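J.: Okay, handing you the structure first.
The values are calculated or read from the model by the stated rules, or taken from the named source; none is laboratory data. These numbers were taken from a predicted model, which means no experiment stands behind them. Because the Cβ atoms are built from the backbone with ideal geometry, glycine has one as well, and the counts that use them run over all protein chains shown. Heavy atoms of the whole protein, side chains included, go into the accessibility calculation; ligands, DNA and RNA do not. Shrake-Rupley method; radii C 1.70, N 1.55, O 1.52, S 1.80 Å.
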Amino acid sequence: MADLRVDIAGLHLKNPVLTASGTFGYGLEFQDFVNLEDIGGIIVKGTTLAPRQGNAYPRMAETASGMLNCVGLQNKGVDYFCSHIYPQIKDIQTNILVNVSGNSPEDYVECAARINELEHIPAIELNISCPNVKHGGMAFGTTTQGAASVVRAVRQAYHKTLIVKLSPNVTSISDIALAVQDAGADAVSLINTLMGMAIDAEKRRRILSIGTGGLSGPAIKPVALRMVYEVAHAVQIPVIGLGGISSAKDAVEFLLAGASAIEIGTANFLDPAITVKVAQGINEYLDRCGFQSVKDIVGIVE
Amino acid sequence: MKKHILDLILTRVACLHERYVLLQATDPAAPLPEMMPGQFAQIRVDGNKDTFLRRPISIHNVDRRSNEVWFLVQIVGEGTRALSRLQAGDKFNVILPLGNGFTLPASSDEKVLLVGGGVGVAPLLYMGARMRELGVEPTFLLGARSQSDLLQQKAFRALGRVFFTTEDGTAGERGFVTQHSLLQNERFSRICVCGPKPMMIAVARYAKSVSTPCEVSLENMMACGLGACLCCVEDTVEGNVCVCTEGPVFNINQLKWQI
Ligand SMILES: Cc1cc2nc3c(=O)[nH]c(=O)nc-3n(C[C@H](O)[C@H](O)[C@H](O)COP(=O)(O)OP(=O)(O)OC[C@H]3O[C@@H](n4cnc5c(N)ncnc54)[C@H](O)[C@@H]3O)c2cc1C
Ligand SMILES: Cc1cc2nc3c(=O)[nH]c(=O)nc-3n(C[C@H](O)[C@H](O)[C@H](O)COP(=O)(O)O)c2cc1C
Ligand code: FES
């Protein structure tokens, strides 16, 4: 048994597998399938200061080896999270992280400040990369100044581990990563979904209600892997890799590219027990190849 | 209800019609879990990049003696075509049971009408079977385009009274289900409907006009089927709710349909 523990800027994970926000609910939706405590960490749904209804249906289109979504951050708001959901998940013996989104820097700050008060939430993932909302979201994540300003503001209000989730819909993701590092991020996670579109040829119209959506699943893996490699070589802070991971082999590739931990998203829809299988598979890989610890393979690919 | 991921083995695949197949499957390892009528399974379709996601398919019947669950599948695209090509002995992966299900009668005084159109008849067979177990005889009103599209007639007849409509008049009364004389001649304590949306809306309108409680089963596009992705939402009086967890069965009063 290899040592699967990793440390992301003070956040201790029992293994490098986290769940990607928006694909694993609050974890409770999956407890019939996996022992949640066997997962390194659970990143819950995107949470905003005020409740949001999200975008209209249809919000999903299947694509080759992937899917588009335009959910648009439907959630009941941070106060509901604190009063109704947090009590149900706080005693799960793993790391529960909240993915924080907003329309303005003030929203992000206020939302982060409220989550800062929750004893059993050791970290937040700041989502400056949602492609499915009109204001905010990705708008902050696509310029170095926008990204830095939100991160700097949240850093003042949030005192635990601050992970910033990056958008791939940019010219140079390394520049954005450097900007958020300088603004005080403890770690970065990437990638969020790639902007895409689906058209119904028979009905001659765009399928998704807002016309565009974010692409996820195996289709985006090579793009994500390249970006993780680039960012890991550019920044000093830890990198969390995601995008299309569906197997332990995929996860190992991200670790080799420079990710200290990985997230699993869309693959949960196909196999709700995939997270623990990937953690086990990483262990098998390390044993088979003679590595003592997962840390020994992070970023070793030239 | 606890959800299970199971590898089922097909015991029988019957082609009912060029566009419909009946899949009967068993779990060789254990008794199948408890399932309610109206609930569904998420079936994995392997081996094609274009059928990436699982496919939601209703529980058509559960046979406890043979430990079988049945699915009635209409071939509309690649995923359902792949399912139709499976053969007895093949293994396939399902997650079940998902969703809420129809309301079962609370007493034997209830007179429940089950209305189905096309492949929407699927969950009604199991509903009828469970009603019989509770000592209530179901009444079925089943509609289709033509005689050959009326599925599982024998199985429905074995459970209760069955009325048909076909659009071309080749079986039962000619027209749509809402035009059937049964609706003029009898009243019911509840109506459960599954079928194409325009049909469900028409039945809901009828039910409302005669003040009969009515439940409909929605078929919104799903990704996870587990309440995690929020892709399958329906706009209801309580805002956007997930059809996969709060439904697929809804009382028509919860919906914002123009009826
Ligand atoms: C709760 C639920 C229960 C269902 N029960 C049954 C059942 O018992 N038997 C059955 O045959 N079908 C059922 N369906 C519909 C079935 O899931 C779809 O027909 C199937 O997913 C289509 O897959 P495909 O790859 O063959 O077609 P695709 O290539 O994915 O699509 C072909 C066409 O079907 C339409 N379609 C795709 N998915 C759906 C959907 N979820 N609902 C309606 N239309 C869709 C598409 O818009 C497209 O026009 C159910 C759907 C839901 C949500
Ligand atoms: C249905 C759906 C909802 C999502 N919601 C969020 C969200 O609320 N916040 C966020 O940061 N990312 C969200 N994402 C993006 C994922 O967390 C992840 O970055 C992306 O899907 C790529 O990973 P994958 O290919 O493993 O799914 C969502 C993705 C999907 C498919
Ligand atoms: S299909 Fe994912 S929430 Fe309903």
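J.: Express the relative contact order of the stretch B:4-98 as a whole percentage, based on alpha carbon pairs under 8 Å and six or more residues apart in sequence. All intermediate terms of the calculation are to be shown ahead of the outcome.
T.: On the way: 206 pairs, mean separation 39.2, N = 95.
Over the stretch B:4-98, the number comes to 41 percent.
J.: Give me a single rounded figure for A:64-71: the average over its residues of other chain Cβ atoms within 10 Å of their Cβ.
T.: Numbers: counts 5, 4, 3, 5, 1, 4, 1, 6.
What the average comes to for A:64-71 is 4.
J.: Below 8 Å, C-alpha to C-alpha, sequence gap of six or more: please give me the relative contact order for chain A in percent. Write out the running numbers ahead of the final one.
T.: On the way: 736 pairs, mean separation 62.1, N = 302.
Averaging sequence separation for qualifying contacts and normalising by length gives 21 percent for chain A.
J.: I've got another one for you. If you count the DSSP beta bridges with both ends in chain A, what percent of them are antiparallel, to the nearest 5?
T.: Approximately 35 percent, going by the DSSP bridge assignments.
J.: Could you tell me what a quarter of the Cα convex hull surface of the stretch B:4-98 works out to, in nm² with one decimal place?
T.: Projected area, direction-averaged: 5.7 nm².
J.: Also: Which whole number in µm²/s is D for chain B by Stokes-Einstein, with the Kirkwood Rh taken over Cα pairs at 25 °C and 0.890 mPa s? Display every interim value, and only then the final one.
T.: Working: Rh = 18.6 Å.
After rounding, the answer is 132 µm²/s.
J.: Which of the pairs A:76/B:256; B:197/B:256; A:76/B:2 have their Cα atoms more than 22 Å apart in this structure? Intermediate values should be presented prior to the final figure.
T.: On the way: A:76/B:256 20 Å; B:197/B:256 13 Å; A:76/B:2 25 Å.
Flagged as over cut-off: A:76/B:2.
J.: How compact is the stretch B:112-217 by the rule of thumb for globular proteins, expressed as Cα Rg over 2.2 N^0.38 Å? Walk me through the intermediate numbers first.
T.: Numbers: Rg = 12.4 Å, N = 106, 2.2 N^0.38 = 12.9 Å.
Relative to the 2.2 N^0.38 Å estimate, the stretch B:112-217 comes out at 0.96.
J.: Treating cross-link reach as a plain straight distance, find the lysines whose alpha-carbon is under 24 Å from the alpha-carbon of residue A:295, omitting any fewer than eight places away in the same chain.
T.: Cα-Cα hits under 24 Å: A:14, A:160, A:165, A:221, A:249, A:277.
J.: Given the options B:26, B:92, B:14, identify the residue whose Cα lies farthest towards the positive end of the charge dipole of the stretch B:4-98 (+1 on Cβ of Lys, Arg; -1 on Cβ of Asp, Glu).
T.: The residue sitting farthest along the positive end of the dipole is B:14.
J.: If you don't mind, there's one more thing I want to ask. Please determine, in degrees from 0 to 90 and to the nearest 10, the orientation of helix B:197-209 with respect to the longest principal axis defined by the Cα atoms of chain B, where the helix direction is its Cα long axis.
T.: The angle comes out near 40 degrees.
J.: Let me confirm one metric for peptide B:47-59, namely the mean number of other chain beta-carbon atoms within 10 Å of its residues' beta-carbons.
T.: Details: counts 0, 2, 6, 4, 2, 12, 9, 3, 0, 0, 0, 0, 0.
So the per-residue partner count for this stretch is 3.
J.: Sticking with this structure for a sec: Can you check what the net charge comes to around residue B:57, using other residues whose Cβ is under 14 Å from the Cβ of residue B:57 (Lys, Arg +1; Asp, Glu -1)?
T.: Details: positive: B:44, B:54, B:55, B:81; negative: B:219.
Combined, the nearby Lys, Arg, Asp and Glu give +3.
J.: While we're here: If I build a Gaussian network model for chain A, linking alpha-carbon pairs within less than 10 angstrom, which residue out of A:92, A:245, A:199 has the largest mean-square fluctuation?
T.: Maximum among the listed residues: A:199.
J.: Hey, another quick one. Short version: what are the Cα gyration tensor semi-axes of the stretch A:6-297, square root of 5 times each eigenvalue, largest first, in whole Å? Can you show the working numbers first?
T.: Working: eigenvalues 126, 104, 81 Å².
Result for the stretch A:6-297: semi-axes of 25, 23, 20 Å.
J.: Please give every one of the lysines within straight-line cross-link reach of residue B:111, meaning a C-alpha to C-alpha distance under 23 Å, and leave out same-chain neighbours fewer than 8 residues apart.
T.: B:154, B:208
J.: Given the -39500 (n - 2.57) contribution per DSSP H run of 4+ residues, what per-residue ellipticity at 222 nm results for chain A, rounded to the nearest 500 deg cm²/dmol? It would help to have the intermediate numbers written out before the result.
T.: Details: 9 runs with 88 residues, N = 302.
Mean residue ellipticity, 222 nm, calculated: -8500 deg cm²/dmol.
J.: Taking beta carbons within 10 Å but only from partner chains, what does the mean come to for residues A:28-34? Don't jump to the answer; show the numbers that get you there.
T.: Numbers: counts 2, 8, 5, 2, 7, 6, 0.
So the per-residue partner count for this stretch is 4.
J.: Quick one: buried accessible area between A and B, total over both chains, 1.4 angstrom probe, nearest 100 Å²? Could you put the intermediate results ahead of the total?
T.: Numbers: alone 12640 and 11940 Å², together 21980 Å².
Rounded to the nearest hundred, the buried surface is 2600 Å².
J.: Here's another thing I want to ask about it. If you look at just the Cα atoms of the stretch A:170-294, how large are its Rg and its Dmax in Å?
T.: When restricted to Cα atoms, the stretch A:170-294 yields Rg and Dmax of 16.7, 56 Å.
J.: When Lys and Arg each count +1 and Asp and Glu each count -1, what net charge do the other residues less than 12 Å away from residue B:256, Cβ to Cβ, add up to?
T.: Values: positive: none; negative: B:234, B:235, B:238.
Residues close to residue B:256 contribute a combined charge of -3.
J.: How do the peptides B:244-257, A:249-262, A:207-220 rank, highest first, by the average count of neighbouring beta carbon atoms within 10 Å per residue? Walk me through the numbers before you get to the answer.
T.: Details: B:244-257: 19.5, A:249-262: 23.4, A:207-220: 21.8.
So the order, starting with the most tightly packed, is A:249-262, A:207-220, B:244-257.
J.: Rank-order A:22-30, A:82-90, A:188-196 by packing density, defined as the average count of other C-beta atoms within 10 Å over each peptide's residues, highest first. Walk me through the intermediate numbers first.
T.: Details: A:22-30: 22.9, A:82-90: 14.3, A:188-196: 25.6.
Descending packing order for the listed peptides: A:188-196, A:22-30, A:82-90.
J.: Return the loop-located GluC sites (Glu not before Pro) in the stretch A:63-130 (DSSP other than H, G, I, E, B) with at most 14 other Cβ atoms within 10 Å of their own Cβ; answer none if there are none.
T.: Details: sites: A:106, A:110, A:117, A:119, A:125; in loops: A:117, A:119.
The qualifying sites are A:117, A:119.
J.: Run the helix sum for chain B: -39,500 (n - 2.57) per DSSP H stretch of 4+ residues, divided by residue count, reported at 222 nm to the nearest 500 deg cm²/dmol.
T.: That calculation yields -4500 deg cm²/dmol at 222 nm.
J.: Now, a different point. What percentage of the solvent-accessible surface of chain B, computed with a 1.4 Å probe over protein heavy atoms, is contributed by carbon and sulfur atoms? Don't skip to the answer; put the middle values down first.
T.: Working: 5140 of 10670 Å².
Ligands and nucleic acids excluded, carbon and sulfur give 48 percent.
J.: Shifting gears a bit: Within straight cross-link reach of residue B:91, meaning Cα distance under 17 Å, which aspartates and glutamates are found once same-chain residues fewer than 8 apart are removed?
T.: Of all the aspartates and glutamates, those that pass the test against residue B:91 - Cα under 17 Å, at least 8 places apart if same chain - are A:271, B:7, B:27, B:46, B:68.
J.: Percent of alpha carbon pairs in the protein assembly as shown separated by more than 43 Å?
T.: On the way: 37994 of 157080 pairs.
Cα-Cα pairs in the protein assembly as shown separated by more than 43 Å: 24 percent.
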